[in-house]
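Q: Below: one structure in structure tokens.
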Amino acid sequence: MPADRTTASRCVVRVPAKINLFLAVRGARPDGYHELTTVLQTVSVHDRVTATLVGPSERSQHPASRHRMRLELAEPDDEALPSGDANLAVRAARVLGRLAGLAALEGGASEGERDPRTLLELTKGIPVAGGMAGGSADAAAALVALNELWGCGLPRERLRDLGEEVGSDVPFCVIGGTALATGRGTSLARVLCRGQFHWVVVFDHEPLETPDVYRAWDAHCEPSEVEPDAVLQALRAEDALALGAALHNDLEPAAVALRPALADRKQALLDKGALGAVLSGSGPTLLALASDAEHARRLADDVRDLSAREPVVVSSPAGGPELKATTSSGPGHGRSS
Ligand code: C5P
């Protein structure tokens, strides 16, 4: 029998952020969530999730030893990032691990250092707690990466459904593109979107926590009946001007109640020539729509002093999670794609 050799298989998934072009809050639900009608789209700000399988080769190839898989989240480079089970990527891994029968992911007995383990590493481009679904995007990317790494072979639709157990934005982040969502944001229907839209993303110096914004909505707002038709029509017609006028987010007054400076910042974006401006999700990030890529670059220059962090120019829609690389090493392996 050969001496233990370490085998490492790795999957890298790049995942885009999401924005809400339209978000109507219909009211609070008995389960603590809020009933929504929202139009979601991915934008070209990305995170990267790397999932690596590390362990003695003979053991990790044996199904019984795979049952004792340990899960680790690499030390994040951003200290604002939740660690351990507070991180949605870790929760997503546990949900998929349960389905794959990986008992030790549940915190069960492990044989220690020599057991195979799965290492998750997150490389952030999406702001943490910025209203762009950074945590949900990482969870979606973890599902896609681990589905490949653990050989689960589940179709995207199944991963989308699993995502619902992790968070309201995760199912959309698994699919990407453009969608109309209802319920708590997890019932999805694809939406036709022609062409590309160009945005300036204006960050805030400090995050806003989603539950706080919904609590502020409970305190200050009434259920709304506004419908997304004008947004859907603008997307179909590739009409940036109409989209700018139709952008809508019922969470805006709630976010402004917590962070009053957001109202002035939004007005400043409109004054500087944005076709429309809207809070991204539960904020505090603001989105300014431009007529094309060149206009977006000029607008970004003009609004540079609105926030401490440099604004970024992005386009939408931006597809969904993409498997960028798969690497296998150890006995009989050596594939890199
Ligand atoms: O589903 P997720 O864990 O992402 O939601 C985070 C929090 O946001 C919830 O705990 C809830 O306070 C709020 N939320 C809500 N209604 C939704 C989605 C989220 O109240 N539809």
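Q: I need to check one value: relative contact order of the chain, counting alpha carbon pairs closer than 8 Å and at least 6 residues apart, in percent.
A: With pairs under 8 Å counted, the relative contact order is 26 percent.
Q: Sticking with this one: Run the quick spin-label model on Asp218 and Ala74: label points 7 Å from Cα toward the beta carbon, then report their separation in nm to one decimal.
A: Going from the Asp218 label point to the Ala74 one covers 3.9 nm.
Q: Rounded to the nearest 20 debye, what is the charge dipole size of the chain about its Cα centre when +1 sits on each Lys and Arg Cβ and -1 on each Asp and Glu Cβ?
A: About 1140 debye.
Q: Taking the highest mean first, how do the peptides 236-242, 133-139, 143-149 order by number of other beta carbon atoms within 10 angstrom per residue?
A: 133-139, 143-149, 236-242
Q: Which order do the peptides 68-78, 25-35 take when ranked by the mean count of other beta-carbon atoms within 10 Å per residue, highest first?
A: 68-78, 25-35
Q: Counting pairs of alpha carbon atoms under 8 Å apart in space and at least six apart in sequence, what relative contact order in percent does the stretch 130-191 give?
A: In percent, rounded to a whole number, it is 29.
Q: Taking a ≥ b ≥ c as the square roots of the eigenvalues of the Cα gyration tensor of the chain, is the shape rounded (a/c under 1.5), prolate (a/b larger than b/c) or oblate?
A: Since a/c reaches 1.5 and a/b is larger than b/c, the shape of the chain is classed as prolate.
No value in this document is a laboratory result; all are computed from the given coordinates. Please read all numbers here as calculations on a predicted model, not as lab measurements. For neighbour counting, all protein chains shown are included, and Cβ atoms are generated from backbone atoms with ideal geometry for every residue, glycine included.
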